[in-house]
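Data first, discussion second: the structure below is written as structure tokens.
The values are calculated or read from the model by the stated rules, or taken from the named source; none is laboratory data. Owing to the predicted nature of the structure, the values given are computational and were not obtained by experimental measurement. All Cβ positions, even for glycine, are placed from backbone atoms using ideal geometry, and neighbour counts span all protein chains on display. Protein only, heavy atoms only, side chains kept; ligands, DNA and RNA dropped before computing areas. Shrake-Rupley method; radii C 1.70, N 1.55, O 1.52, S 1.80 Å.
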Amino acid sequence: MKKIDVVASATIFESVSELPSNVQELMEKAIEARKKAYAPYSKFNVGVALLLENNEIVLGNNQENAAYPSGMCAERVAIWKAGSDYPGVKVKQLVITASSSNSKVDKPVGPCGACRQTLSEYEINQKEPIEIYFMGEVGNIVKTDSLLSLLPFSFDRSYL
Ligand code: THU
């Protein structure tokens, strides 16, 4: 038996003004998308902005449903919009923000496990890492240099 270390590294920004200027712009668009989320049940709004290699920006937000499991997270709405409208075009950066009408979200909100799995398929296919930036409504922003760094021991087509 041996133990191994599984290490993920991240960069923490203390405010949006510390982000690279194009990421600040993506964050503004993610905030606009967040405000349009359809989240009447959880009251938890998530907005995403994706930058593609052709410089298109694709937005997404969570879309809930009275039959709760039929809703969808913002990240998957956005990546599937990108995959649908721009098949094969690489995703460079993905920016996430979340807010709630129940309380101020002051911790960074990373993508859920199912979204990480979905996003990993795109990152693997494009053979280039996707930079992920995520925050709440206020507070620190976390950046990871790739999606797979958020998903160690991931499942992929090699198992099939
Ligand atoms: N949600 C997202 O949109 N992205 C995540 O990564 C976490 C959760 C949404 C799903 C649901 O509409 C609400 O947030 C509460 O879980």
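Only a single criterion out of (1) open to solvent by less than 50 Å² (accessible area, probe 1.4 Å); (2) at pLDDT 95 or above; (3) not aliphatic (A, V, I, L, M) is not satisfied by Tyr159, namely (1).
Criterion applied to Val109, Val89 was being part of a loop (DSSP other than H, G, I, E, B), modelled with pLDDT of 95 or more and within 11 Å of the ligand (Cβ to nearest atom), and the one residue passing it is Val109.
Of the residues that sit in segment 58-75 and are touching a Cys at 6+ places or on another chain (Cβ under 7 Å) and within 24 Å of Ile12 (Cα to Cα), which one is most open to solvent (accessible area, probe 1.4 Å)?
My answer is Cys73.
Using the structure shown, decide if Glu53 is acidic (Asp, Glu) and open to solvent by less than 70 Å² (accessible area, probe 1.4 Å). So Glu53 fails the test.
Restricting attention to segment 1-23, the residues that are in a helix (DSSP H, G or I) and either over 17 Å from the mean Cα position of the chain (by Cα) or surrounded by fewer than 16 Cβ atoms within 10 Å (Cβ to Cβ) (or both) add up to 4.
Sub-6 Å Cβ pairs linking a first residue in segment 41-57 that is of a type in the set (Lys, Arg) to a second residue that is open to solvent by 10 Å² or more (accessible area, probe 1.4 Å) and within 16 Å of the ligand (Cβ to nearest atom), at least 6 apart or interchain, are Lys43/Ser100; Lys43/Ser101; Lys43/Asn102, ordered by first then second residue.
The number of residues in segment 44-76 that are of a type outside the set (Gly, Ala, Ser) and outside any loop (DSSP other than H, G, I, E, B) comes to 17. Kindly indicate whether any position in segment 35-43 is surrounded by 17 or more Cβ atoms within 10 Å (Cβ to Cβ) and either touching a helix residue (DSSP H, G or I) at 6+ places or on another chain (Cβ under 6 Å) or in a loop (DSSP other than H, G, I, E, B) (or both). So far as segment 35-43 goes, yes, one or more of its residues are surrounded by 17 or more Cβ atoms within 10 Å (Cβ to Cβ) and either touching a helix residue (DSSP H, G or I) at 6+ places or on another chain (Cβ under 6 Å) or in a loop (DSSP other than H, G, I, E, B) (or both).
Going through Lys35, Lys81 one at a time, which residue ends up being of a type outside the set (A, V, I, L, M, F, W, C) and touching a Leu at 6+ places or on another chain (Cβ under 9 Å)?
Result: Lys81 is the single residue among Lys35, Lys81 that is of a type outside the set (A, V, I, L, M, F, W, C) and touching a Leu at 6+ places or on another chain (Cβ under 9 Å).
If you filter segment 26-62 down to residues that are in contact with a Ser or Thr (Cβ under 7 Å, 6 or more places away or on another chain) and within 13 Å of the ligand (Cβ to nearest atom), you find that the one that is farthest from Pro129 (Cα to Cα) is Lys43. Could you please let me know if Ala98 is open to solvent by 30 Å² or more (accessible area, probe 1.4 Å), in contact (Cβ under 8 Å) with a residue 40 or more places away in the chain and under 18 Å from Gln63 (Cα atoms)? No, not satisfied.
Return yes or no: is Val89 crowded, with 18+ Cβ neighbours inside 10 Å and of a type in the set (A, V, I, L, M)? No; evaluated as a whole, the condition is false for this residue.
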